Amino acid sequence: MKTKFTLITWAMALVTCFSAFAQEANSLAFRAGVKSPELANGQITFRFVAPKARQVSISASWLGYDASKLQMKQDEKGIWTVSTPQPAPELYTYNIVMDGVTMLDPSNVQVQRDGSRYMNALLVPGDYAGLYAECSKPGNVEHVWYFSAENGMTRRMYVYTPAGYDRNNKSVKYPVLYLLHGGGGDEDAWSTLGRTCQILDNLIAQGKAKPMIVVMPNGNPNQYAAQTLGIPVKTEVKKYASNFDNYSSLVADVLPYIEKNYPVIKNRKGRAVAGLSMGGGQSFFIAFRNVDVFANVGIFSSGLIGASAIGGAPFDAEQHFPGMYTNPAKYNKFDVIYLACGEQDNRIDGMLDFKQKLTDKGYKGVVWEQYPGAHEWKVWRRNLSSFVQLIFK
C-alpha cells in the first residue's frame, strides 16, 4: 500500500506540475502570439497585452521620443494596438509607456542599452540600413580583459575580427581601427548601438572595406568595464587635462596589447583611430599627438571641436598643438582626416570651421560628410560606414 500511495502521490505531483507549467506556457503562448512590432504594407503595427492599463503609447526615436504622437487603443481582449507609416530605412529604438511608466516591449527580443537606458530596437530594411542586418559571412567579437598600467587596472575591451580570421595564421596581417565611444557609453556601445560588427561584415563581404580588426575599448578612465558588470569605478585615477584629453592609455596600454596578441600591421599605415562625440575629442588628441603612430583619424560630432555651441570654450587647435596652423608640415602626415556631423547637431558649425582651417592650410586627406540628424546614432553609424571604406587603401 505504501508503494502504491507513493506512486499515486508522484503521479498527482507530476500532474499538478505539468498543469501549472501548461498554464504558464499558455499565458506565454498568448503573449507570444501577439506580434510586435510588425512591418507590413508600409506600416508598423505595435501590440501590447495589458488588460488593466488605462493608457499606453509608443515612445519612438523617429518621433523624437514624444509618446503623445503614437497613442495605442485597446480592444475587448485587452490588447493595445497602434499602426503608423514606416519611417525611412534605418535602425530605430522605442519604448512602451504604460500609465506613465516606460518599459520594454515584451514581444520584441531586440533590445539595446545606451548607458543605463534600455530600449527596443527596430530595423526598417532598405537602402544603407541593409548594412545593419546580419551578414552571411559574420566575423567574431571577443570580450578581452587586459592590464592597463596607466591606472593599475584590469580592464575590458571588445575586439572584432573579420570572417576568415585565424589567430594562428601569422602570415596574414590585419590593419586595426581603434574605435571610441561617446560620453555615457562604454566598450559595448559601438558593438550594440553602432552595429559595428554588422557594418564591417557586410562591407568586407561586398569588397568595399579592407578586412580589419576593430578594437572597441572603454574610454572612461575610471571604469574597469561596462556598468552592467556591477564593478565599482576606481575612485583614484591619474589627473587628466580634460574629459577629451584623458585617454593616453590607448597608446600606452591598448595598442601594445593588441600588437602582442593579434597578427596585425605594426606601422602607422595599418592603424586608425576614430570616435564619436567624447570619443571624437579623444581621437583628436590621440591622433595629432601621435602622428607617427596613426595614419588615419575619424572625428564624428566632436563636443571638443563644436564646444562653443554647447556652452564650452571656443575650439583652438593651435592652442592644443602649437604649429597646427602656423607650421602644418609638423602634423600634415595623415592619409585620411575624416570629419563628420549631423546636420541638426549644433556642433556642426565648429566641425565645419575646423575642416575649413585644415583645408586652407593644405592638409591632405581631409574628408567632410554631413548627414540628416542630430547628435545621434543614426548619424554615427553612417559615419563609421563611410570611414572604414576610406582607410587602409
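The values are calculated or read from the model by the stated rules, or taken from the named source; none is laboratory data. Quick caveat: nothing in here was measured; it's all calculated off a predicted structure. Note that we place each Cβ from the backbone using ideal geometry, even for glycine, and neighbour counts take in every protein chain shown.
Quick look at the numbers
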read-out: Close pairs (7 angstrom Cβ cut-off, 6 or more residues apart or separate chains): closer than 13 Å to SER308 by Cα in region 340-354, in a helix (DSSP H, G or I) and of a type in the set (A, V, I, L, M, F, W, C) anywhere; value: ASN346/ALA309; ASN346/ILE310; ARG347/ALA309; ARG347/ILE310; ASP349/ALA309; GLY350/ALA307; GLY350/ALA309; PHE354/ALA317
read-out: Residue within region 331-342 that is outside any strand (DSSP E or B), at pLDDT 95 or above, at negative phi and aliphatic (A, V, I, L, M) present; value: no
read-out: Total residues in region 224-248, condition of a type in the set (A, V, I, L, M) and either under 25 Å from CYS197 (Cβ atoms) or not assigned by TED's automatic domain parsing to the domain that holds ARG156 (or both); value: 4
read-out: Residue match in region 289-299 (condition: in a loop (DSSP other than H, G, I, E, B), surrounded by fewer than 19 Cβ atoms within 10 Å (Cβ to Cβ) and touching a Leu at 6+ places or on another chain (Cβ under 8 Å)); value: yes
read-out: Meets criteria (within 19 Å of the chain's Cα centre (by Cα), in the same structural domain as TYR146 (by TED's automatic domain parsing), surrounded by fewer than 23 Cβ atoms within 10 Å (Cβ to Cβ) and not in a helix (DSSP H, G or I)) for PRO221; value: yes
read-out: Any hit, region 69-77, residues being polar (S, T, N, Q), at pLDDT 90 or above, over 30 Å from TYR132 (Cα atoms) and part of a strand (DSSP E or B); value: yes
read-out: Single residue of LYS355, LYS364 found to be at pLDDT 95 or above, crowded, with 19+ Cβ neighbours inside 10 Å, in the same structural domain as ALA313 (by TED's automatic domain parsing) and not β-branched (Val, Ile, Thr); value: LYS355
read-out: Restricting region 305-350 to residues that are in contact with a Cys (Cβ under 8 Å, 6 or more places away or on another chain) and of a type outside the set (Lys, Arg), the residue that is farthest from PHE284 (Cα to Cα); value: ILE348
read-out: Region 95-118: number of residues that are part of a strand (DSSP E or B) and either touching a residue at least 40 places away in the same chain (Cβ under 8 Å) or more than 28 Å from PRO51 (Cβ to Cβ) (or both); value: 7
read-out: Region 50-72, subset surrounded by fewer than 17 Cβ atoms within 10 Å (Cβ to Cβ) and in contact with a Ser or Thr (Cβ under 6 Å, 6 or more places away or on another chain), residue farthest from HIS375 (Cα to Cα); value: GLN71
read-out: Qualifying residue in region 178-199 (condition: of a type outside the set (A, V, I, L, M, F, W, C) and closer than 18 Å to TYR257 by Cα); value: yes
read-out: Number of positions in region 224-264 that are touching a Ser or Thr at 6+ places or on another chain (Cβ under 9 Å), in a loop (DSSP other than H, G, I, E, B) and surrounded by fewer than 20 Cβ atoms within 10 Å (Cβ to Cβ); value: 5
read-out: Odd one out for ALA287, checked against (1) under 24 Å from the mean Cα position of the chain (by Cα); (2) over 30 Å from ILE348 (Cβ atoms); value: (2)
